[in-house]
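Below: the structure, in structure tokens.
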Amino acid sequence: MTLQGLFITFEGGEGCGKTTQIQKLADRIKTIISVPFVVTREPGGVPAAELIREILINGDTETWRATTEALLMSAARHEHVEQIIRPVLAESGLVLSDRYVDSTIVYQGIVGGVSADNIAAMNKIGCGDIYPDVTIVLDINSQIGLARAKLRGGREDRFEAKGHTYHENVRAGFLEIAANEPSRCVVIDADREPDEISADIWRVVHPHLLTSGMIRNE
């Protein structure tokens, strides 16, 4: 856990609705919070990391080996942590991030085959002592999620193109992490109406905002 501030991450497979739900939560929080507050994403969040995102998220599915992906993700994460996440937390602020270390553990580790020890070493270099306090895992059938992602369109489809079996394994990987770390991770059914999902997320996040003293007035 972080020593100062509150760090909340959102995880899940393609098309699970992370971006929508983070924005809905941010819109709700911004009127009541009394501390520095940032919404960010991985890979990305800062210009240097966004450059790495471009080469990771686009192109042919076989462009990079899983180990290379993990190294690139860790490089992007290091810039993200040092430029955005650590400074906000040091001011006792709130960070909401679309993906973080769990995505590397799942995509490049559990599914990609990079050893847990190597992933842990890369994550240690990439983010040091900065670890999420709360992780929302948005869970959805992988085929439904992929169909949603395709409807979304856009160029960032390298991981989406890896096929159904790959994405079923991604889903199982996130559920495995959540089962192993129940004090940090909360699994939320993402195959429902957005407002139902956001209500469940608020029930998870709200107590943490209260106990951290971040809420000004409601």
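When only Cα pairs below 8 angstrom with a gap of at least 6 residues are kept, the chain shows a relative contact order of 34 percent. So I have [x] 148; [y] 123; [z] 112, and one of them is volume of the Cα convex hull per residue in Å³ calculated from this model. Which one is it? The value matching this structure is [z]. Our note on the geometry: Cα centres of segment 75-125 and segment 14-58, 14 Å apart.
Could you rank the peptides 166-177, 71-82, 96-107 by their average count of other C-beta atoms within 10 Å per residue, with the highest value first? Provide the component values of the computation, followed by the final result.
Working: 166-177: 18.8, 71-82: 21.3, 96-107: 24.2.
The densest-packed peptide leads the list: 96-107, 71-82, 166-177.
Normalised per residue, the accessible area of the chain is 47 Å², obtained with a 1.4 Å probe and no contribution from ligands, DNA or RNA. Charged neighbours of A172, selected by a Cβ distance under 15 Å, balance to -4 (K, R count +1; D, E count -1). Descending by average beta-carbon neighbour count within 10 Å, the peptides 194-200, 64-70 line up as 64-70, 194-200, the highest first.
Annotation for D200 and E54: the two label points, set 7 Å from Cα along the Cα-Cβ direction, are 3.8 nm apart.
In whole percent, and with a 1.4 Å probe on the protein chains, what portion of the accessible area of segment 23-167 is carbon and sulfur? Carbon and sulfur atoms account for 56 percent of the accessible area of segment 23-167.
What does the net charge come to around I130 if you take all other residues with beta carbon closer than 15 Å to its beta carbon, with K and R at +1 and D and E at -1?
So the environment of I130 carries a net charge of -2.
Under a plain spin-label model, where a point goes 7 Å from the Cα along Cα-to-Cβ, how far apart in nm are H164 and T63? Roughly 2.7 nm, to one decimal.
May I ask which residue of S92, C127, V106 lies farthest towards the positive end of the charge dipole of segment 69-194, with charges of +1 (Lys, Arg) and -1 (Asp, Glu) on Cβ and the Cα centre as origin? Of S92, C127, V106, it is V106. Each of I52, I125, I110 has its accessible area taken with a 1.4 Å probe; listed largest first, they run I125, I110, I52.
The values are calculated or read from the model by the stated rules, or taken from the named source; none is laboratory data. Computed from a predicted structure; not experimentally measured. Here Cβ is always computed from backbone atoms with ideal geometry, including for glycine, and neighbour counts include all displayed protein chains. The protein model used for the area step is the full one, side chains on, heavy atoms only, and it has no ligands, DNA or RNA in it. Shrake-Rupley method; radii C 1.70, N 1.55, O 1.52, S 1.80 Å.
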